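Read the structure below first, then the notes.
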Ligand SMILES: Nc1nc2c(ncn2[C@@H]2O[C@H](COP(=O)(O)OP(=O)(O)O)[C@@H](O)[C@H]2O)c(=O)[nH]1
Ligand SMILES: [Mg+2]
């Protein structure tokens, strides 16, 4: 969709392109952010600008705090499936164990902290879709791998871990929230309105209480509810016994806020095996952009089979699609 940008925006853009230092670049980008009209048509430009601002802010900060441990961008995972969810939590909370239960990934699981040193992705099946889960090293007040800023910028959502086998579980989980906040990552409940500051990334988050098989889990759960009860949706599991895992798959899929759309070619049956997964509320043209980059602008109409239309109804490019619609795109 074309975006009408005010003339001052182009001036700032020119200053950005001429800027020699990261600091000057950042100043120009922030001017562009302020000048950019914030509406649906500019969502893509907003997202690109926000990523640049965030990357530069993090880069400047990391340069200040000494030599880099990891080259920037070395831990960016190509997006796969319906979306990416990052596992964040204190040491020993059962993050890696959960990844082995939900995916085919094989991170080391061990009864001592700091076993996981680098991000490990795995694909979780949910019905006919897949969700990419990323196991991360533990976060504490003084332990924070710099690449976590990259992974949490790219991720669509997060799972915050709370260990029900540990009396200090709530304190350790609070430390994770505090440390992430220092890195300009805010864990928020799903449905939270966007944050104004372009350098801050908000991740829709569920709180996951783990090791519910522990004999004192019930009592610790009460304490956890008091600390975090209303701040995040709470889900309880035992990875060891398998309790809560089937429900968790659905919760994680739902956390992405996507819908399943099946596409078909004219005169042929729909492909019901691998749905596209645009965000809930997406239009025909947004779906088309996922099918092929060029299609987003060239699609003119679609025929839709689903619950909100009569079968095979022709709709325009701005028609809002619904979960499980079957769509035939026309250019
Ligand atoms: N009792 C119990 N122990 C668990 C459970 N999940 C993980 N653990 C144990 O907790 C320890 C740390 O697990 P790990 O997945 O490596 O934690 P991470 O540091 O968060 O990745 C290991 O000894 C696991 O066997 C569970 O559901 N119940
Ligand atoms: Mg681990």
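The values are calculated or read from the model by the stated rules, or taken from the named source; none is laboratory data. What you see is a predicted model; the values in this text were computed from it and never measured. With ideal geometry, Cβ positions are generated from the backbone for all residues, glycine too; neighbour counts draw on all protein chains shown.
Only residues that are farther than 15 Å from residue 323 by Cβ and surrounded by fewer than 20 Cβ atoms within 10 Å (Cβ to Cβ) were counted across the range 275-288, and they come to 0.
Conditions tested, residue by residue: (1) more than 20 Å from residue 82 (Cα to Cα); (2) surrounded by fewer than 17 Cβ atoms within 10 Å (Cβ to Cβ); (3) modelled with pLDDT of 95 or more.
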position	(1), (2), (3)
239	yes, no, yes
248	no, no, yes
265	yes, yes, no
273	no, yes, no
298	yes, yes, no
321	no, no, yes
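For residue 107, indicate whether it is in a loop (DSSP other than H, G, I, E, B), in contact with a strand residue (DSSP E or B) (Cβ under 6 Å, 6 or more places away or on another chain) and within 12 Å of ligand 1 (Cβ to nearest atom). Yes.
Against the test of being surrounded by 18 or more Cβ atoms within 10 Å (Cβ to Cβ), farther than 30 Å from residue 279 by Cβ and within 16 Å of ligand 2 (Cβ to nearest atom), the options 158, 172 yield a single qualifying residue, 172. Applying the condition of being more than 8 Å from ligand 2 (Cβ to nearest atom) and crowded, with 19+ Cβ neighbours inside 10 Å to the range 100-118 and asking which residue is nearest to residue 241 (Cα to Cα) yields 102. Within 16 Å of residue 89 (Cβ to Cβ), under 23 Å from the mean Cα position of the chain (by Cα) and either more than 16 Å from ligand 2 (Cβ to nearest atom) or not assigned by TED's automatic domain parsing to the domain that holds residue 89 (or both), is that true of residue 177? In short, yes.
Taken residue by residue, the range 124-144 has at least one member that is surrounded by fewer than 16 Cβ atoms within 10 Å (Cβ to Cβ), in a loop (DSSP other than H, G, I, E, B), on the phi > 0 side of the Ramachandran plot and away from ligand 1 (no atom under 12 Å from the Cβ).
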